[in-house]
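The values are calculated or read from the model by the stated rules, or taken from the named source; none is laboratory data. Just so you know, these numbers come straight off a predicted model, no measurement behind them. Cβ coordinates were reconstructed from backbone atoms using ideal geometry, including for glycine residues, and neighbour counts include every protein chain displayed. Each accessible area value is taken on the protein alone, full model and side chains, heavy atoms only, with ligands, DNA and RNA left out. Shrake-Rupley method; radii C 1.70, N 1.55, O 1.52, S 1.80 Å.
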Amino acid sequence: MKVTNGAYLSIEQLQDQYLRQNIKLGSVLEKGTPSFQEILEQKQEQTTSDIGKLRFSKHAIGRLSDRNIELSNIQMQRLFDGAKKAGEKGIQESLVLMDELAFIVNIPNKTVVTAMDSSETQDNVFTNIDGAVIV
């Protein structure tokens with residue numbers, strides 16, 4: 001707050017300064033603000049590129065390679081959707097079951113930690129997880 005000649009500004013003076021400041025900021029923001037259409041297109045691009053943001057650990061890549069498991073684009077999308085659902089529920093380490101495959105996904109890091117096929121899931125025991133998603 002400015003003090004002028006040893007006196008405080010009145011509420012009206014402060015209000016005028018505040019309103020004049022907002023008008024200046026508003027005109028600047030309008031010029032640099034993207035349109036709704038631009039924001040919508042940006043969000044749609046993010047959604048489609050988010051699938052690529054799901055990473056595989058070296059261990060998971062080795063497991064997939066050892067078992068000759070190749071994931072299709074549709075399976076990758078389903079795996080990403082499962083991880084996204086787990087994140088929305090607050091799960092940190094999730095088991096994602098898909099088809100005959102099981103994946104352990106670290107949700108905060110968006111990393112598939114390990115992958116198993118039906119031959120390895122016979123014991124039906126999964127440790128170090130705090131939630132499961134079936135896709």
For this session: Please indicate, with yes or no, whether at least one residue in the range 81-92 is of a type in the set (S, T, N, Q) and within 16 Å of I134 (Cβ to Cβ).
Result: no
For this session: Name, by its number, the condition in (1) at pLDDT below 90; (2) open to solvent by less than 60 Å² (accessible area, probe 1.4 Å) that does not hold for F56.
Result: (1)
For this session: Please work out if L79 is aliphatic (A, V, I, L, M) and part of a loop (DSSP other than H, G, I, E, B).
Result: no
For this session: Return the residue satisfying two criteria in turn: it lies in the range 64-74 and is under 14 Å from D117 (Cα atoms) and in a helix (DSSP H, G or I), and of such residues it is least open to solvent (accessible area, probe 1.4 Å).
Result: L64
Exercise. So is E30 at pLDDT 70 or above, of a type in the set (D, E, K, R) and part of a helix (DSSP H, G or I) or not?
Worked result: no
Problem set entry | Test: E45 is open to solvent by 40 Å² or more (accessible area, probe 1.4 Å), over 13 Å from the mean Cα position of the chain (by Cα) and charged (D, E, K, R) | yes
Problem set entry | Subset tally (residues that are surrounded by 14 or more Cβ atoms within 10 Å (Cβ to Cβ), touching a helix residue (DSSP H, G or I) at 6+ places or on another chain (Cβ under 9 Å) and outside any strand (DSSP E or B)) for the range 82-135 | 7
